[in-house]
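Reading through the structure tokens given below for one structure.
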Amino acid sequence: MDLGPRIPRALRLPSRSFFLFGPRGTGKSTWLRQVLSDAVYLDLLDASLFLELSRDPHRLEALVGVRPAGTWVVLDEIQKVPELLDEVHRLMESRRWRFALGGSSARKLRRAGVNLLAGRALTLDMEPLSAAELGADFDLEFSLAEGMLPVVQTDRENATAILSAYVSTYLKEEVRAEGLIRKAGPFLRFLNIAGLMNGQTLNALGVARDAAVPRSSVDAYFAILLDTLVGHFLPAWQPRLKVREQTHPKFYWFDPGVARAAAGLQHDPVDRTWLGFALETLVFHELRVANVVQDKHRALAYYATAAGSEVDFVVETRKARNGSPPHVVCIEVKLAREWNRKWERAMRDLATRPGVCVERMFGVYTGTRARHFDGVQVLPVAEFFSELHAGRVF
């Protein structure tokens, strides 16, 4: 995929072999070609190469040829031929070659039960562009409606057509081609409902009813979205603070623009309810990117009680241990030009409870001025993202 003008990515190249996973269209192949320009590059979307290595994985050594130890070999779309991983393992040991293994799904690798090179290869994630990577070109209004895919951000005039094609391409290349579904119709209905419920608490029975599919199919379909990396569950945080706490996860698409296209709304005017969930989706995306790029890997969740108190995002900076309570950062997100102090109540209530240590509290809103209210730092969206990517949020 051509990114047009090159946008520097924040992901750093490791010194050892690694998997690079990420949804289609996030720029994995482009990044691999940029940072490993001298590598042996083998793309398993090439039909002849796919057939050759499917029939005989041992051909991989011959294709790479006589190369010194430390040589980088890129195998893109590795999930197409999972049997290759045993051969990769052998060549890592015998030839001391380093492998970059790109893929848009780990599902087939896991299902095949093959050697995932545990302990020998790192796992990296490539997300859509972040606000930090876009820099001065970050446009909140556009990104909420159209998302952060590189091809969308670098061709904004054709964003609607690109996103429409993305959903159909995903259905064709990622789902039907891998034999993950038997019929397209029920899955398309499910995609539409899943798009509409972006950012909401999972109600599988309700999804099954609205999509007119069996309850068992809903579980399988959500598993497909997660395994192909286009969706994420945000778990409910349960510190057991002597109140009834929400247990069901929320479901977020990896990108607000793709969620809108999946819901069939890409040609409709964007309403405020949708934009509110899109803003949460964008914040969740930026949190995931910062987590990976800064190598922090903190647990992300949301917190809600049966009484209706809710904190949009809870970042666990230290787990409970040896009688010490968990430490967390709380983030409340609002699509509003003015900040209402009542939106702080859930965070403040959580901070008063003895079973948890709230280190910081942030309000994120679409206003223009930063404010500080007795421990709660309220920031405009872009300013919050700057603090996040500078490592000053968690």
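Rounding to the nearest 20 debye, state how big the charge dipole of the chain is about its Cα centre with +1 on each Lys and Arg Cβ and -1 on each Asp and Glu Cβ. My answer is approximately 1280 debye. Sparsely packed loop sites in segment 216-258 (the trypsin sites (Lys or Arg not before Pro) outside DSSP H, G, I, E and B with at most 11 other Cβ atoms within 10 Å) comprise 240, 242, 244. Equivalent-ellipsoid semi-axes for segment 238-295 (Cα gyration tensor, √(5λ), whole Å, largest first): 27, 18, 9. Cβ under 12 Å from residue 128's Cβ, residue 128 left aside: what net charge do those residues give with Lys, Arg +1 and Asp, Glu -1? Around residue 128, the charge tally is -2.
The GNM of the chain, with springs linking C-alpha atoms under 10 angstrom apart, assigns the highest mean-square fluctuation among 14, 380, 249 to 14.
Only helices enter this figure: runs of n ≥ 4 DSSP H residues, each worth -39500 (n - 2.57), summed and divided by the residues of the chain, yield -10500 deg cm²/dmol at 222 nm to the nearest 500. Summing charges over all other residues whose Cβ lies under 13 Å from the Cβ of residue 368, with Lys and Arg as +1 and Asp and Glu as -1, gives +1.
Loop-located trypsin sites (Lys or Arg not before Pro) across segment 153-236 with a Cβ neighbour count of 13 or fewer within 10 Å are 182, 183, with loop assigned by DSSP. Sparse packing (at most 10 other Cβ atoms within 10 Å of the Cβ) combined with a DSSP loop state is found for the following GluC sites (Glu not before Pro) in segment 272-359: 338.
Taking one quarter of the surface of the C-alpha convex hull of segment 250-394 gives a mean projected area of 9.7 nm².
Over segment 1-157, the fraction of Cα-Cα pairs per 10 Å bin, rounded to whole percents and listed from the shortest bin up, is 10, 39, 31, 15, 5, 0.
Counting only DSSP beta bridges with both residues in the chain, the antiparallel share comes to about 40 percent.
The mean sequence separation of alpha-carbon pairs under 8 Å and at least six residues apart, normalised by the residue count of the chain, gives a relative contact order of 13 percent.
Over 24 Å between Cα atoms: which of 28/172; 319/342; 28/183; 296/319 fall into that group? Beyond 24 Å between Cα atoms: 319/342; 28/183.
Applying 1/(1 + (r/R0)^6) with R0 = 30 Å to the Cβ-Cβ distance of residue 390 and residue 15 gives a FRET efficiency near 0.75.
Eigen-decomposition of the gyration tensor built on the alpha-carbon atoms of the chain gives equivalent ellipsoid semi-axes of 37, 24, 22 angstrom, largest listed first.
Gyration tensor over the Cα atoms of segment 301-351: the corresponding equivalent ellipsoid has semi-axes (square roots of 5 times the eigenvalues, largest first) of 24, 12, 9 Å.
Values quoted throughout were computed directly from the atomic coordinates according to the rules given, and no laboratory measurement underlies them. These figures come from a predicted structure and were not determined experimentally. When we count neighbours, we look across all protein chains shown, and the Cβ atoms used for this are built from the backbone with ideal geometry, even at glycine.
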